[in-house]
Amino acid sequence: MRAVVLLLLVAAASARVYERCELARTLKAAGMDGYRGVSLADWVCLSQWESSYNTQAINHNTDGSTDYGIFQINSRWWCNDGKTTRAKNACNINCAEFQTDDIQAAITCAKRVVRDPQGISAWYGWRNHCQNRDLTPYLAGCGL
């Protein structure tokens, strides 16, 4: 029982919720601004609506797949969670790597997603809340 409690505490301690400007700076440093024509504001908006900037975000979909991490990367197409049937794993990565404080793996896979023909429109959060909208508030006050 103590081991379970310890594991839960370690998992909770590794959860990270970014501040908006902190995430914007991190994404900019990782070369996301303008990557494949996607603005930094688009990435920050997408992250807000997909995960509320939370690296531990998880969403179970009706098709049996799961979305993981700050970008909510899907286990049917992009990563392997060992549970999703017919998974493609196009990023060649374990989905658990998207739920760590270090978002480099998520950034690398997100770049792979936008190279796909769907591009950033692969994310429902972006289509429903960011596409064709004024995104300047997402970078306001960040000094970028």
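Using a cutoff of 8 angstrom between alpha carbon atoms and counting only pairs six or more residues apart, the relative contact order for the chain works out to 24 percent.
Each Lys and Arg Cβ is given +1 and each Asp and Glu Cβ -1; about its Cα centre, the chain then shows a dipole of about 280 debye. Think of it as helices only: each DSSP H run of n ≥ 4 in the chain is worth -39500 (n - 2.57), and spread over all residues that comes to -11000 deg cm²/dmol at 222 nm. Of the accessible area of the chain, computed with a 1.4 Å probe over protein heavy atoms only, carbon and sulfur atoms account for 52 percent. Remark on I73: its backbone amide H falls under 5 Å from those of Y68, a criterion applied only to residues 5 or more positions apart or on other chains, H modelled at 1.01 Å from N.
By its C-alpha gyration tensor, with a ≥ b ≥ c as the square roots of the eigenvalues, how is region 40-131 shaped: rounded for a/c under 1.5, else prolate for a/b larger than b/c, else oblate? Rounded, because the longest to shortest axis ratio a/c is under 1.5. Extending 7 Å from Cα along the Cβ direction at L144 and again at T85 yields two label points whose distance is 4.1 nm. Taking a cut-off of 20 Å between Cα atoms, list the lysines near K111, but don't count ones fewer than 8 places away on the same chain. Leaving aside lysines fewer than 8 places away in the same chain, those within reach of K111 are K28, K88.
Accessible surface for the chain, divided over its residues, is 55 Å² per residue with a 1.4 Å probe. Separation of region 76-106 from region 22-51 is 19 Å, based on Cα centroids.
Note on surface exposure: E19, E50 rank E19, E50 by accessible area, highest first, 1.4 Å probe. Helices in the chain that qualify as membrane-span-like (whole DSSP H runs, Cα extent of at least 27 Å along the helix axis, mean Kyte-Doolittle hydropathy of 1.6 or higher) do not occur. Summing charges over all other residues whose Cβ lies under 11 Å from the Cβ of G64, with Lys and Arg as +1 and Asp and Glu as -1, gives +1.
The values are calculated or read from the model by the stated rules, or taken from the named source; none is laboratory data. Because the structure is predicted, anything quoted here is derived from the model rather than measured. Note: ideal-geometry Cβ built from the backbone for every residue, glycine included; neighbour counts use all protein chains shown. Remember, those area values only see protein heavy atoms, side chains included, never the ligands or the DNA or RNA. Shrake-Rupley method; radii C 1.70, N 1.55, O 1.52, S 1.80 Å.
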